[in-house]
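The values are calculated or read from the model by the stated rules, or taken from the named source; none is laboratory data. Quick caveat, the model's predicted, so the values are computed rather than measured. Here the Cβ positions follow ideal geometry from the backbone for every residue, glycine too, while neighbour counts run over all protein chains shown. Heads up: the accessible areas ignore ligands, DNA and RNA and are worked out on the full protein's heavy atoms, side chains in. Shrake-Rupley method; radii C 1.70, N 1.55, O 1.52, S 1.80 Å.
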Amino acid sequence: MTPSVLVPFEQPDWDTQLASFAGATAFHSAGWARTLHEAYGYTPCHLAVRTGDRLTAVWPFMGVSSWLTGRRGLSLPFTDVCEPLGEPGLLTGLRAASQDLARAQGWKTVEWRGGRAQFPDTPASTQFHVHTLDLTRGPEALLAGLESGTRRAMRKAEQVGLTLARSRSAEDLRTFYDLLALTRRKHGVPPQPYAFFRALLRNVIAPGQGDLFLARHQGRPIAGILCLHFGRHVLYKYGGSDEAHQQLRANNLVMWTAIRHYADAGFATFDFGRTSLDNEGLRRFKLGWGAAEHTAAYTRWDVARDRFVTAADASSGSHTRIFRALPLPVSRAIGALLYRHIP
């Protein structure tokens, strides 16, 4: 079968067809592709195989054209892990097709953020921890599986009378973004441009494939998370909180509220996203929920040199000290200007 290059949001049956793949997540959806296209100008070029009218294999890609970092291909930008979907034989053909696509598009490099089975003898370019929680165990078993420190933090948050809510409103999205910007500054990185979250609201959250969970103390928002979901899989994608209220342990209770909600709703997995190998604090937080840990490995190919290369994890370094010191308006302006160049 000859693969086709498709734009997901131009295919009226894309998400319906995706639902036939057990491993499909929100990152494979038409809404995520449209969000990245509208917010950052990336070019969707998803490789797909159809058998008759049926989608039988998919490997999502996007082209990034930047004056700062050049022309690249990614599967996918701002996506923790994006596994190809389909039988191994078809995926072997899509791997070859993706390298042909890279040459045809004039990409400097192409990076696969998944599909390591198709690169058995190739060194990983970058590696991360990934943590996944099995929701099919049910709320009671999930609660029993929490580490003692996580349970204590939740009890403390419950005792101070936090108000928890699930939302898909534009007003609450703005509230969440303000919390996210505080947390990004704490970590020494600029926040994503707010235009990205507006596109995410239009294309993913409002259509019912995402939720905001917010915690308030005496009416003041102090913590929140944003989750995306497709099929039976949930992705914890973004979080934010006001460090001035850290002692209330709202982060723990808002996370449990989301986990409990999705377990009750019949979802199968809750993915906590990627964690840098040297971020032991975040790793311990995720393990505290009883999540299983494994390693996610990316693969990067230098097209011109026809060789696989490694890349540094740039999530920490001297630049983080600079961004921690910047006023929030300046940090947001830098994020709006540069974010699309560093996917």
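Would you mind finding the one in Thr69, Thr92, Thr79, Thr109 that is among the polar types (S, T, N, Q) and within 18 Å of the chain's Cα centre (by Cα)?
Thr79
With the condition kept exactly as written, say whether any residue in the stretch 274-291 is out of contact with any helix residue (DSSP H, G or I) (no Cβ under 8 Å at 6 or more places or on another chain), buried (at least 20 other Cβ atoms within 10 Å of the Cβ) and in a strand (DSSP E or B).
Yes; the residues of the stretch 274-291 include at least one that is out of contact with any helix residue (DSSP H, G or I) (no Cβ under 8 Å at 6 or more places or on another chain), buried (at least 20 other Cβ atoms within 10 Å of the Cβ) and in a strand (DSSP E or B).
Quick check on Ala311: is it modelled with pLDDT under 95 and open to solvent by 60 Å² or more (accessible area, probe 1.4 Å)?
no
Which numbered condition trips up Gly317, out of (1) surrounded by fewer than 15 Cβ atoms within 10 Å (Cβ to Cβ); (2) at pLDDT 85 or above?
(2)
Any idea which of Gln127, Gln118 is in contact with a strand residue (DSSP E or B) (Cβ under 7 Å, 6 or more places away or on another chain) and not acidic (Asp, Glu)?
Every option except Gln127 fails the conditions.
Does the stretch 252-267 include one or more residues that are of a type in the set (A, V, I, L, M), loosely packed, with under 15 Cβ neighbours inside 10 Å and either outside any loop (DSSP other than H, G, I, E, B) or in contact with a helix residue (DSSP H, G or I) (Cβ under 7 Å, 6 or more places away or on another chain) (or both)?
Within the stretch 252-267, none of the residues are of a type in the set (A, V, I, L, M), loosely packed, with under 15 Cβ neighbours inside 10 Å and either outside any loop (DSSP other than H, G, I, E, B) or in contact with a helix residue (DSSP H, G or I) (Cβ under 7 Å, 6 or more places away or on another chain) (or both).
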